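A.B. asks: Sharing a structure below in C-alpha cells format, with a few things to ask.
The values are calculated or read from the model by the stated rules, or taken from the named source; none is laboratory data. Since the structure is predicted, the reported quantities are computational estimates derived from the model, not experimental observations. Note that we place each Cβ from the backbone using ideal geometry, even for glycine, and neighbour counts take in every protein chain shown.
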Amino acid sequence: MPGIVLVGAQWGDEGKGKITDLIANDFDYVVRYQGGNNAGHTVIHGDRKLALHLIPSGIMYPNITPMIGNGCVIDPRVLIEEMEMLEREGFSTQRLLISGNAHLIMPYHLDLDGASEHRLGKNEIGTTHRGIGPAYQDKSSRIGIRVQDLLDEHIFRLKVEAALIEKNDVLDKIYGMATYTVDQICELYLPYAERIRPHVTESSQLLNQALRDNAWVLFEGAQGTLLDIDHGTYPFVTSSSCTAGGAVIGSGVGPTAINKVLGIAKAYITRVGSGPFPTELPLEDEIGHLLSSVGGEVGVTTGRLRRCGWYDAVIVRYAAEVNGLTDLCITKLDVLSVLDTIKVCVAYEYQGKRYTTMPGQQTAIHHATPIYEELPGWKTDITGCRNYKDLPREAKDYIEFIEDHAGVPVSIIAVGPDREQTIMRRWKPRD
Ligand code: IMP
C-alpha cells in the first residue's frame, strides 16, 4: 500500500508545490485532502511558472491522476477558471477527479468570511477571504452543500433553500448585508454543474481499489501543521486538518495505507496572517528584511507580505510528532547564503520554564522568549550544488543540526526555485 503524505511542517508556504512537482513522477495519483483555494503554490515547469490554488500539482504529468478529495472545499468558479488556465497552457485537465463529497464554497461564505474578520477587528485571524472557514462551518453544522448536490437540480434547490433560512438571517440581522434568493444562487451555480460533472467520482472507493492494485498515491497537504484546526496555533489557524492524519479523513483511505510522511520546512520560517510567532524578525529588522526580500516572501494567493523569522526547531520537532514524519525536506537553504551567522531557536522560555516542545498553553506560545543557538554561515552561492557533498561544511552542519533537533532525517534539500536546484540526499520512496 504505497501511500505517502507530503505535509507542511511550519505555517504553510514551505515550498510544497515545488517538492510535489519534483517527486510526483513516482506516483499514479496525487490527492489534495483538505483546504481549498486558500492554498497557493507556484510550480515551475520547464520555462513556465504556474500558480495553482486548488488543483493538485500532478496535473502537469500525463501519467498522473490528480484528485480533489472529500476533505476539500471547492469554489466552483475558481476551479473552472483554474482548469481553463491549465488548458490554455497546454495541460489537459481531463484526468482530474473530484470527490462528490467535497463541499462547495457558496457566495455567502465569501461574504461571511470578510464580515466576520471585520467584526473581529484587531483580533482578526487574517484569513485569505476565500470563504474557507464559513464553508467548513456549514459542513460541521450539516447545512453544507456538496459537489454531488450540484449535479441534481432538485436536490440542489432544496439544500440551498434550507441553508438560506439561516444564512440570510445571519447576513441580514447580524451583518446588515444583502441576502440571497434560491433562484439567484441556482442561476449562478447550476451552469457550473455540466463543466464539473465528468470529473466527479466516488473517490474513496477508487483510491482504495488503486491502492489494492499497488498504485502509488501521494497525498498533498495544503497550508501547514501550525495552521491545523486541532494542532495549530488556534484560533489563528485554517479550518481543516492540514496534518498527515487529515490525509486519511480527507480522502477516505485507512491509516494503514500510509507508509511515509514527508514534512517540508523552510530553512527559516514564515507566516501570513495573524497569530503568535516566537522567532519573528520584524521587517524593520535588517535580517527580517533580508529574508523577506532575498526569499521573495509574498503570498501566492493574497499577495500579502509574509512575516519572516529564524528557523524554529521547537515547531519542527512538534510537527515531526503530530505528523509522524519519516523524512524532512528543507527548502530555500540558498536564501541563508547571504548571512554571516544563522540563529536557530532550540527552546522557548516562559515564566522561568524552558520548553523544548510546543507549550500546551496558548499564552506561553504568545509570550515565549526564543532561546537561540548561533551557527556560522557559509556566505557562498550554493544554488549550483546538486549533491550533499558539494555543500560547504557550514551548510552541512546547519542541515545536520536541524536533523538532530527534529529527530528526523533530512532527505531532500532545495537550493533554488527550479526543479533541478534540489539535492536528493536520502529520499527513497520505494523503501
Ligand atoms: P483561511 O484558511 O483563509 O481561513 O485563513 C486562516 C489562516 O490560515 C490565515 O492566517 C491565513 O493567512 C492562513 N493560510 C491559509 N492558507 C494558507 C496558505 O496556503 N499558506 C499560508 N497561510 C495560509
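A.B. asks: Mind telling me which of the residues His118, His129 ends up being more than 13 Å from the ligand (Cβ to nearest atom), surrounded by fewer than 18 Cβ atoms within 10 Å (Cβ to Cβ) and under 25 Å from the mean Cα position of the chain (by Cα)? Break it down into steps so the answer makes sense when it comes.
C.D. replies: Working: His129 fails: more than 13 Å from the ligand (Cβ to nearest atom).
None of the others qualify; the one that does is His118.
A.B. asks: Here is a follow-up. Taking Cys345 as meeting all but one of (1) more than 14 Å from the ligand (Cβ to nearest atom); (2) outside any helix (DSSP H, G or I); (3) modelled with pLDDT under 95, write down the number of the exception.
C.D. replies: Result: Cys345 passes all but (3).
A.B. asks: Condition first: touching a strand residue (DSSP E or B) at 6+ places or on another chain (Cβ under 7 Å), buried (at least 19 other Cβ atoms within 10 Å of the Cβ) and in a loop (DSSP other than H, G, I, E, B). Now tell me which residues in the stretch 398-424 satisfy that.
C.D. replies: Val408, Val415, Gln421
A.B. asks: Related question: Looking at the structure I just gave you, is Leu218 part of a strand (DSSP E or B), away from the ligand (no atom under 16 Å from the Cβ) and surrounded by 14 or more Cβ atoms within 10 Å (Cβ to Cβ)?
C.D. replies: Working: part of a strand (DSSP E or B): yes; away from the ligand (no atom under 16 Å from the Cβ): yes; surrounded by 14 or more Cβ atoms within 10 Å (Cβ to Cβ): yes.
Spelling it out, Leu218 is indeed part of a strand (DSSP E or B), away from the ligand (no atom under 16 Å from the Cβ) and surrounded by 14 or more Cβ atoms within 10 Å (Cβ to Cβ).
A.B. asks: Something else about it: Do we find a residue being polar (S, T, N, Q), closer than 21 Å to Thr233 by Cα, crowded, with 19+ Cβ neighbours inside 10 Å and within 12 Å of the ligand (Cβ to nearest atom) anywhere in the stretch 265-274?
C.D. replies: Here is the first cut: in the stretch 265-274, the ones polar (S, T, N, Q) are 270, 274.
Of the ones still in play, those that are also closer than 21 Å to Thr233 by Cα are 270, 274.
From the residues that got through so far, the ones that are crowded, with 19+ Cβ neighbours inside 10 Å too are 270.
Imposing the further condition that a residue be within 12 Å of the ligand (Cβ to nearest atom) reduces the set to 270.
Yes, the stretch 265-274 contains a residue that is polar (S, T, N, Q), closer than 21 Å to Thr233 by Cα, crowded, with 19+ Cβ neighbours inside 10 Å and within 12 Å of the ligand (Cβ to nearest atom).
A.B. asks: Being farther than 11 Å from Val5 by Cα and within 11 Å of the ligand (Cβ to nearest atom) is the requirement here; does Asp213 meet it? If you could, list the steps in order and put the result at the bottom.
C.D. replies: Numbers: farther than 11 Å from Val5 by Cα: yes; within 11 Å of the ligand (Cβ to nearest atom): no.
It is false that Asp213 is farther than 11 Å from Val5 by Cα and within 11 Å of the ligand (Cβ to nearest atom).
A.B. asks: Tell me, please, whether a residue that is within 15 Å of Ile264 (Cα to Cα), in the same structural domain as Lys343 (by TED's automatic domain parsing) and among the charged types (D, E, K, R) can be found in the stretch 394-409.
C.D. replies: Yes, there is a match, as at least one residue in the stretch 394-409 is within 15 Å of Ile264 (Cα to Cα), in the same structural domain as Lys343 (by TED's automatic domain parsing) and among the charged types (D, E, K, R).
A.B. asks: Still on this structure, please answer the following. Can you tell me which residue among Ser57, Ser99 is surrounded by 22 or more Cβ atoms within 10 Å (Cβ to Cβ), within 16 Å of the ligand (Cβ to nearest atom) and more than 21 Å from Asn323 (Cα to Cα)?
C.D. replies: On the way: Ser99 fails: within 16 Å of the ligand (Cβ to nearest atom).
Being surrounded by 22 or more Cβ atoms within 10 Å (Cβ to Cβ), within 16 Å of the ligand (Cβ to nearest atom) and more than 21 Å from Asn323 (Cα to Cα) holds for just one of Ser57, Ser99, which is Ser57.
A.B. asks: Next question. Residue under question is Arg197, and the condition is that it be touching a Leu at 6+ places or on another chain (Cβ under 8 Å) and either surrounded by fewer than 16 Cβ atoms within 10 Å (Cβ to Cβ) or in contact (Cβ under 8 Å) with a residue 24 or more places away in the chain (or both); does it hold? Reasoning before the result, please.
C.D. replies: Working: touching a Leu at 6+ places or on another chain (Cβ under 8 Å): yes; either surrounded by fewer than 16 Cβ atoms within 10 Å (Cβ to Cβ) or in contact (Cβ under 8 Å) with a residue 24 or more places away in the chain (or both): yes.
Yes, satisfied.
A.B. asks: On the given criteria, is Val5 in a strand (DSSP E or B), touching a helix residue (DSSP H, G or I) at 6+ places or on another chain (Cβ under 6 Å), within 16 Å of the ligand (Cβ to nearest atom) and touching a residue at least 40 places away in the same chain (Cβ under 8 Å)? Step through it out loud before you land on a result.
C.D. replies: Numbers: in a strand (DSSP E or B): yes; touching a helix residue (DSSP H, G or I) at 6+ places or on another chain (Cβ under 6 Å): yes; within 16 Å of the ligand (Cβ to nearest atom): no; touching a residue at least 40 places away in the same chain (Cβ under 8 Å): yes.
Spelling it out, it is not the case that Val5 is in a strand (DSSP E or B), touching a helix residue (DSSP H, G or I) at 6+ places or on another chain (Cβ under 6 Å), within 16 Å of the ligand (Cβ to nearest atom) and touching a residue at least 40 places away in the same chain (Cβ under 8 Å).
A.B. asks: Applying the selection to the stretch 141-156, what residues are in contact (Cβ under 8 Å) with a residue 24 or more places away in the chain and among the charged types (D, E, K, R)?
C.D. replies: Arg146, Asp149, Glu153
A.B. asks: If we keep just the residues of the stretch 22-35 that are under 16 Å from the mean Cα position of the chain (by Cα) and away from the ligand (no atom under 16 Å from the Cβ), which is surrounded by the fewest Cβ atoms within 10 Å (Cβ to Cβ)? Full working, then the answer.
C.D. replies: Narrowing the stretch 22-35 to residues under 16 Å from the mean Cα position of the chain (by Cα): 30-35.
Remaining after also requiring away from the ligand (no atom under 16 Å from the Cβ): 30-31.
Numbers: Val30: 26, Val31: 29.
Taking the candidates together, the pick is Val30.
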